[in-house]
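The values are calculated or read from the model by the stated rules, or taken from the named source; none is laboratory data. Just so it is clear, the model here is predicted, and its values are computed rather than measured. Please note: Cβ atoms are built from the backbone with ideal geometry, for glycine as well, and neighbour counts cover all protein chains shown.
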Amino acid sequence: MARRMAAHQWQEALHTPRRQAVKRSRAETYVLITLVAFAASVIVTRFYLEMTGYPQIGSGNLHIAHVLWGGLLLYVAALLPLVLLNRTALIWSAILNGVGVGLFIDEVGKFITRDVDYFYPPAAPIIYAFFLLSVLFYFFVRRPVRHNARAELYRALEDIPPLVDGTLLEQERQEVYERLRYAQQSTQPRYAALASTLMAHLDNESFATGAPGTVQTLRQMVVHWGQKLGRQRHRRIILWLIGLNGLQTVVGIALLAMIALMPSLLTEPLGQQLVNDNTLRSVEDLPWFLIRLGLQLAIGLVTLAAFIWLWRGREVRGINLAIFGLVLSLTTVIMLNFYLDQFQAISSALFQFVLLLFFEAY
């Protein structure tokens, strides 16, 4: 009986709000660092192998694939935050995690084919799909969270340690202070008491704040540039980008109409001509090419509609429509680009991700 009661109390404790997970302070920054390192590692690895003729480390039957280095980096990335308490440990963990997963996923083609084919065509869209899921996870992490005293205390306590070394920036100190001020108003006495004690220590002038580091300086420069750009210029740039994309769609529609109305312009079947022009690998890829073309035209029409809404001053509807078009392109067209064009699609994917962030910032 006593064991049952103890087990019941333990289960209740596990399900109380005190046991709920708390999102780490600056979690979105660490995930973003991981994403950048992930993308950079895949791009740099493919570029290096292409330029050096795909060298192999080892001799005879021995071949040390870079998937092993990726696994090693992932292991080190997992150990760092377990052993070290410094904030830099989290930054290096994010970097090594991104590089490690990039080296790992880059060799996916070898491990889904019987002949260990590194150049297996579906490998590129698989890598992109994995990256896209990571980006969606980033947008999920950066969503605003509900404030509660317990979570704010957790994040405040996480941000306080740099104060010991004098590396806490004044802006960060103010953020900690605001978290503690919120927790101080809690109806839970222990939360309010702890917040009051920590606020008293923060008010102590003997705690010095540090100077901005390289990362903080770059971040402040970006913020300053955004403020200097202004909303009107931001809107003009968005209009110009959307209009350019819409113009490309009009040109594409015109070319399709010309080919449909005057098939004599083609010297041979469309599929074979695209293969001869190195647009397709084989004639069998023609249906996927046509599907991609249709999707591009549909997204282009959505983009034109977004341009019209923005031009008429309906900013919210226009931006939402433009974001919808970009997300649709990133999840469908770019996926087909990676299948048809392999890693030549990297530049267009990165450009559209930057556009999406640019639109989100507006």
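Taking region 57-94 as the search range and keeping residues that are among the polar types (S, T, N, Q) and surrounded by 10 or more Cβ atoms within 10 Å (Cβ to Cβ), which one is nearest to the chain's Cα centre (by Cα)?
SER93
Based on this model, can you work out whether ARG142 counts as out of contact with any helix residue (DSSP H, G or I) (no Cβ under 9 Å at 6 or more places or on another chain) and surrounded by fewer than 19 Cβ atoms within 10 Å (Cβ to Cβ)?
For ARG142, the condition - out of contact with any helix residue (DSSP H, G or I) (no Cβ under 9 Å at 6 or more places or on another chain) and surrounded by fewer than 19 Cβ atoms within 10 Å (Cβ to Cβ) - is not met.
Out of LEU103, LEU82, report the one residue that is more than 24 Å from LEU350 (Cα to Cα) and at pLDDT 90 or above. Give the derivation first.
Values: LEU103 fails: more than 24 Å from LEU350 (Cα to Cα).
Answer to the selection: LEU82.
So, VAL108, is that one touching a residue at least 40 places away in the same chain (Cβ under 8 Å) and either aromatic (Phe, Trp, Tyr) or surrounded by fewer than 20 Cβ atoms within 10 Å (Cβ to Cβ) (or both) or not?
Details: touching a residue at least 40 places away in the same chain (Cβ under 8 Å): no; either aromatic (Phe, Trp, Tyr) or surrounded by fewer than 20 Cβ atoms within 10 Å (Cβ to Cβ) (or both): yes.
In short, no.
Within 30 Å of GLN352 (Cβ to Cβ) and among the aromatic types (Phe, Trp, Tyr): does that describe TYR138?
In short, yes.
Results for (1) buried (at least 19 other Cβ atoms within 10 Å of the Cβ); (2) modelled with pLDDT of 75 or more; (3) of a type in the set (A, V, I, L, M, F, W, C); (4) not assigned by TED's automatic domain parsing to the domain that holds LEU244, shown as yes or no for each residue.
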| residue | (1), (2), (3), (4) |
| --- | --- |
| THR267 | no, no, no, no |
| LEU280 | yes, no, yes, no |
| GLU284 | no, no, no, no |
| VAL333 | yes, yes, yes, no |
| TYR339 | yes, no, no, no |
| GLN344 | no, no, no, no |
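So for region 139-152 (the condition being in contact with a Ser or Thr (Cβ under 8 Å, 6 or more places away or on another chain), of a type outside the set (Ser, Thr, Tyr), modelled with pLDDT under 85 and not in a helix (DSSP H, G or I)), does at least one residue qualify?
No - not one qualifying residue is present in region 139-152.
Taking region 53-87, which residues are of a type in the set (A, V, I, L, M) and either outside any helix (DSSP H, G or I) or closer than 19 Å to GLY109 by Cα (or both)?
ILE57, LEU62, ILE64, ALA65, VAL67, LEU68, LEU84, LEU85
Mind listing whichever residues of region 169-197 are hydrophobic (A, V, I, L, M, F, W, C) and more than 20 Å from LYS23 (Cβ to Cβ)?
LEU169, ALA192, ALA193
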